[in-house]
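A quick write-up on the structure given underneath.
The values are calculated or read from the model by the stated rules, or taken from the named source; none is laboratory data. The structure presented is a predicted model; accordingly, all values stated were derived computationally and were not measured. Methodologically, a virtual Cβ is constructed for each residue, glycine included, from the backbone with ideal geometry; neighbour enumeration extends over all protein chains shown.
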Amino acid sequence: MNDLVVARGEVLAQIEQACAKVGRAENTVQLLAVSKMQPSDCLTAMYHAGQRAFGENYLQEALEKIEALQDLDIEWHFIGHVQRNKTKHLAEKFAWVHGVDRLLIAQRLSQQRQPTQAALNICIQVNIDDQASKDGCQPAEVADLVQQISVLPHLKLRGLMVIPAPDNTTAFAQATQLFEQVKSLHAQPADWDTLSMGMSADLAEAIAAGSTMVRVGTALFGQRNYATV
């Protein structure tokens, strides 16, 4: 527990320093704790340290945690690749979905979100530097997707999510430029407020470029043991 409190404090300090360096208020950047492959008790400890937003990559693992931790007021984000046959669970159980890169996925999420639930927050995933191994739409496709998705019911289109190649921090500036270009076309510009980019190793560079949400796992929880997966 104490180690997690310290780790979270250190990450928040990094965010504060990165914001101060470029003249931004620290409350303009949200910390999303990437908790994939972490046991529920670690999430509970991080929650009691003050963290509320958690991001999961693997749906089945996430659903098990959501069930186990339903008594906690956690804001659940899905940040993995969105498959069309998994949208029903995403629409029902999550507050945010970051990996939307096709209109079909957004339509299914819209249809499957219950009218009694708050609107599902959506980020469009953009393959900002054209990596063959990464999901996401092309930058040139974003404007049309924004216009199409922003009118769907039960969704709130919030912005963009990018995962540039390691050390390609110039892609952050490209993502910010795209974010600002599209902003004027958004049907509900007040909602277009989220640029999800930056992780443990490059959060300072992402914040300097304009990130409003950093997705941090290793710096909070330590290295993951992938051999157990």
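Can you find even one residue in the stretch 122-139 that is within 22 Å of Val22 (Cα to Cα) and either in contact with a Phe, Trp or Tyr (Cβ under 6 Å, 6 or more places away or on another chain) or not polar (S, T, N, Q) (or both)?
Initially, the stretch 122-139 is screened for residues within 22 Å of Val22 (Cα to Cα), giving none.
No, the conditions are met nowhere in the stretch 122-139.
Figure legend. Inter-residue proximity from the stretch 69-91: first residues part of a strand (DSSP E or B), second residues buried (at least 19 other Cβ atoms within 10 Å of the Cβ) and modelled with pLDDT under 95, beta-carbon distance below 9 Å, spacing 6+ or different chains. Indicated pairs: Phe78/Gly99. From the residues in the stretch 103-130 that are under 19 Å from the mean Cα position of the chain (by Cα), in contact (Cβ under 8 Å) with a residue 24 or more places away in the chain and surrounded by fewer than 19 Cβ atoms within 10 Å (Cβ to Cβ), which one is farthest from Phe179 (Cα to Cα)? Ranking the qualifying residues of the stretch 103-130, first place goes to Ala119. One residue stands out among those in the stretch 43-62 that are among the polar types (S, T, N, Q) and assigned to a helix (DSSP H, G or I): the one that is farthest from Met161 (Cα to Cα), which is Thr44. Among the residues of the stretch 21-75, just one is of a type in the set (Phe, Trp, Tyr) and in contact with a Ser or Thr (Cβ under 9 Å, 6 or more places away or on another chain), namely Phe54. If you go through the stretch 43-72 and keep only what is under 17 Å from the mean Cα position of the chain (by Cα) and of a type in the set (Lys, Arg), you end up with just Arg52. Being of a type in the set (Gly, Ala, Ser), closer than 19 Å to Trp96 by Cβ and in contact (Cβ under 8 Å) with a residue 60 or more places away in the chain, is that true of even one residue in the stretch 18-31? The answer is no; no qualifying residue exists.
Of the set (1) in contact (Cβ under 8 Å) with a residue 60 or more places away in the chain; (2) under 19 Å from His81 (Cβ atoms); (3) in contact with a Gly (Cβ under 9 Å, 6 or more places away or on another chain); (4) not acidic (Asp, Glu), all apply to Arg158 but (3).
Specify which of the listed residues (Ile15, Ile79) is closer than 23 Å to Leu160 by Cα and out of contact with any strand residue (DSSP E or B) (no Cβ under 6 Å at 6 or more places or on another chain). Break it down into steps so the answer makes sense when it comes.
Working: Ile79 fails: out of contact with any strand residue (DSSP E or B) (no Cβ under 6 Å at 6 or more places or on another chain).
Among Ile15, Ile79, only Ile15 is closer than 23 Å to Leu160 by Cα and out of contact with any strand residue (DSSP E or B) (no Cβ under 6 Å at 6 or more places or on another chain).
The set of residues from the stretch 1-42 being of a type in the set (Lys, Arg), assigned to a helix (DSSP H, G or I) and either surrounded by fewer than 12 Cβ atoms within 10 Å (Cβ to Cβ) or over 19 Å from the mean Cα position of the chain (by Cα) (or both) comprises just one member, Lys21.
Only residues that are surrounded by fewer than 21 Cβ atoms within 10 Å (Cβ to Cβ) and within 25 Å of Trp192 (Cβ to Cβ) were counted in the stretch 44-73, giving 3.
Pull up the stretch 180-201, narrow it to residues that are of a type outside the set (Asp, Glu), outside any loop (DSSP other than H, G, I, E, B) and modelled with pLDDT under 95, then point me to the one that is surrounded by the most Cβ atoms within 10 Å (Cβ to Cβ). Among them, the one singled out is Val182.
Just checking, how many residues over the stretch 123-156 are closer than 26 Å to Thr170 by Cβ and not in a helix (DSSP H, G or I)? Break it down stepwise before answering.
The initial filter retains those residues of the stretch 123-156 that are closer than 26 Å to Thr170 by Cβ, namely 123-146.
So of that shortlist, the ones also not in a helix (DSSP H, G or I) come out as 123-138.
Here the count works out to 16.
Here is a check on your reading of the model: is Val151 in contact (Cβ under 8 Å) with a residue 12 or more places away in the chain and buried (at least 19 other Cβ atoms within 10 Å of the Cβ)? For Val151, the condition - in contact (Cβ under 8 Å) with a residue 12 or more places away in the chain and buried (at least 19 other Cβ atoms within 10 Å of the Cβ) - is not met.
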